[in-house]
């Protein structure tokens with residue numbers, strides 16, 4: 001199967017695994033890459049790669065300062081992430097069911113290479129839906145609080161979402177996102193949480209488990225290709241590349257992945273992910289597995305327009321450059337796809353009407369408050 005040529009504007013990502021490639025970069029090239037990777041939340045990964053290879057003495061002084069600062073920040077946030085994971089486990093240890101780390105927290109729990117240099121903003125965990133209320137109550141008793149919501153939004157999270165509202169704690173830097181599934185229960189694509197929980201794996205954090213390696217890749221793919229905002233999400237592809245390279249050394253990983261995607265209903269997400277992984281990042285995927293994945297994914301016109309819309313939004317915009325209009329159009333079309341996928345129309349239309357009215361009320365309140373302040377100053 002012919003593979004597309006790798007994107008020339010993403011060659012700098014090779015330095016995440018081959019840091020010596022930076023030895024020929026000029027200061028101008030460094031400036032572009034630092035600004036772009038910071039925007040994409042990949043600068044910490046770049047810093048760990050370059051500094052970990054012992055290349056700091058050869059770097060220009062301004063570059064070294066930026067990389068060291070980002071490395072310190074990412075390590076600080078990683079420690080904060082581990083602290084949340086450990087404290088939450090101590091509060092939930094008495095529960096009957098499994099506690100599962102998702103995404104970045106899971107990568108940290110497995111000491112995966114892609115965990116180094118991340119800048120986490122939250123901790124994602126998964127528990128069986130039957131234990132959701134018990135876990136929420138235990139977290140509230142431990143000082144975690146949910147975002148205040150009106151009655152409609154409370155119903156949204158209770159009946160139509162796969163997670164509860166984000167939870168915050170005064171003693172922790174990071175939010176806690178509590179899930180009972182990886183996709184909403186009313187969406188066009190649903191996943192059996194029991195199927196995910198049946199193949200859990202251990203990790204280094206006591207009391208915690210993680211998804212099976214195949215399910216971790218499928219979760220990352222579904223998270224990216226079934227989300228409302230795709231722009232600037234190149235880091236998700238980099239994460240999937242790291243997962244594929246790490247776990248893909250086991251032939252059984254690729255041999256069983258297409259069938260696992262079909263069983264979970266995630267063949268389209270996997271096919272889209274592999275299209276960009278191979279074409280943009282050069283991820284090594286066995287030809288037989290790639291052919292099977294592509295055959296189970298979207299076909300014909302659907303494949304054509306999905307690949308092009310996602311390509312528009314995933315492609316990074318150079319610093320000091322405005323996004324092209326076609327990217328804004330792609331964003332609107334994929335947002336429409338997201339809404340139509342996430343909820344049936346009987347739920348979606350009242351939900352969007354409520355959100356529109358809430359936005360209008362908030363804007364009116366902000367305007368009234370601004371007018372009041374101007375009057376007081378006058």
- How many angstrom separate the Cα center of the range 301-320 from the Cα center of the range 210-251? 17
- Query: Rounded if a/c is under 1.5, else prolate if a/b beats b/c, else oblate: with a ≥ b ≥ c from the C-alpha gyration tensor eigenvalues square-rooted, which is the range 289-332?
  - Reply: oblate
- Here the percent of antiparallel bridges among DSSP beta bridges lying wholly in the chain, to the nearest 5, is 55
- Message: Counting other beta carbons within 10 Å of each residue's own, what order do 150, 241, 328 fall into, fewest first?
- Response: 150, 328, 241
- For 39, 357, what ranking results if the residue with the fewest other Cβ atoms within 10 Å of its Cβ goes first? 357, 39
- Cα-based Rg/(2.2 N^0.38 Å) for the range 95-168, rounded to two decimals, is 1.25
- Where a ≥ b ≥ c are the square roots of the eigenvalues of the C-alpha gyration tensor, would you call the range 293-378 rounded, which needs a/c under 1.5, or, failing that, prolate if a/b is larger than b/c, or oblate? oblate
- Message: Based on alpha-carbon centroids, what's the gap between the range 82-146 and the range 1-60 in Å, whole number please?
- Response: 32
- Query: For the chain, modelled as a GNM with alpha-carbon contacts under 10 angstrom, which of 299, 214, 71 fluctuates the most?
  - Reply: 299
- Note on the structure: Relative contact order as a percentage, the chain, C-alpha pairs under 8 Å and 6+ apart, gives 16
- Message: I want to verify a result. In a Gaussian network model of the chain, Cα cutoff 10 Å, which of these has the top mean-square fluctuation: 24, 222, 74?
- Response: 24
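A short reminder: the numbers here are calculations on the coordinates, not readings from a lab. Remember, it's a predicted structure, so these values are computed and weren't measured experimentally. Glycine also receives a Cβ, built like all others from the backbone with ideal geometry; neighbour counts cover every protein chain displayed.
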